[in-house]
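Novice: I have a structure I would like to understand better, so I am pasting it below and will then ask my questions one at a time.
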Amino acid sequence: GVRLALERLDEDPRSLVVAGHSAGGALAADYAAVAGGVGLPVPRAVFAAYPGRRFARAGVGIPPAGEIPPGTEVLALRGADDRVVDQAAAREIGARGRLLVIRTAGARDHLAPQRDDAVSRREFWARLDALIARARG
């Protein structure tokens with residue numbers, strides 16, 4: 001499915017940015033870790049918004065797939081009031097690049113990246129847009 005989707009893109013796959021929220025944020029990092037080994041384009045950047053590999057109170061989860069390759073820009077965001085996912089994934093992914101703790105009112109809970117308001121556009125989408133611009137530049 002990923003191969004088919006990438007074949008349909010009009011963009012150069014060498015400017016690929018993978019992004020995700022919650023489990024999707026962890027999986028974006030995992031895609032970056034395995035892409036080269038399975039013949040997929042290695043992303044230029046990873047954007048992981050409030051990534052989670054397990055619910056905060058669960059003992060099982062998604063294990064990391066490996067190391068993100070050097071040269072891949074990484075931006076992980078963690079919500080100061082995120083009580084849904086374990087914060088270990090944000091720290092692990094952020095250690096490979098940058099980790100920002102979001103403390104802004106209206107943007108520090110787990111669902112904030114899903115909102116369409118001025119605060120979420122500034123805290124999440126403006127940062128993702130800037131990351132994409134750097135990848136394409």
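The values are calculated or read from the model by the stated rules, or taken from the named source; none is laboratory data. Owing to the predicted nature of the structure, the values given are computational and were not obtained by experimental measurement. A quick note on method: Cβ atoms are made from the backbone with ideal geometry, for glycine too, and the neighbour counts reach across all protein chains shown. Note: areas computed on protein heavy atoms with side chains; ligands, DNA, RNA excluded. Shrake-Rupley method; radii C 1.70, N 1.55, O 1.52, S 1.80 Å.
Novice: Please give, to one decimal in nm, the separation of the simple spin-label points placed at V2 and R98, each 7 Å out from Cα toward the Cβ.
Specialist: Output for this residue pair reads 2.5 nm.
Novice: Moving to a separate point now. First measure r as the distance between the Cβ atoms of D12 and R115, then evaluate 1/(1 + (r/R0)^6) with R0 = 41 Å and state the FRET efficiency to the nearest 0.05.
Specialist: About 0.85, to the nearest 0.05.
Novice: I would also like to ask the following. At 37 °C and 0.692 mPa s, what whole-number value in µm²/s does Stokes-Einstein give for the translational diffusion of the stretch 70-130, with Rh from the Kirkwood sum over Cα pairs?
Specialist: 275
Novice: Can you tell which of G79, G52, S15 lies farthest toward the positive end of the dipole of the stretch 12-137, using +1 and -1 charges on the Cβ of basic and acidic side chains (Lys, Arg; Asp, Glu)?
Specialist: Sorting the options by dipole projection puts first G79.
Novice: HN-Hα J couplings of the stretch 26-40 from phi, Karplus 6.51/-1.76/1.60, θ = phi - 60°, integer Hz, Gly and Pro as x?
Specialist: 5, 5, 4, 5, 5, 4, 4, 5, 9, 3, x, x, 10, x, 9
Novice: Could you report the chain's accessible area per residue, 1.4 Å probe, as an integer in Å²?
Specialist: It amounts to 54 Å² per residue over the chain.
Novice: On to the next question. If each residue of separation counts as 0.36 nm, what is the full-extension length gain between R57 and R91 once their alpha-carbon separation is subtracted?
Specialist: Here the segment from R57 to R91 would lengthen by 10.5 nm.
Novice: Sticking with this one: Nearest 20 debye, what's the magnitude of the dipole of the chain about its Cα centre given +1 on Lys and Arg Cβ and -1 on Asp and Glu Cβ?
Specialist: 280
Novice: Right, another one. Could you state, as a whole-number percent, how many of the C-alpha pairs of the chain are farther apart than 23 Å?
Specialist: 31
Novice: Amide H to amide H under 5 Å from V101: which residues, 5+ apart in sequence or cross-chain, H placed 1.01 Å off N in plane?
Specialist: The list, which skips near neighbours in sequence, is R78.
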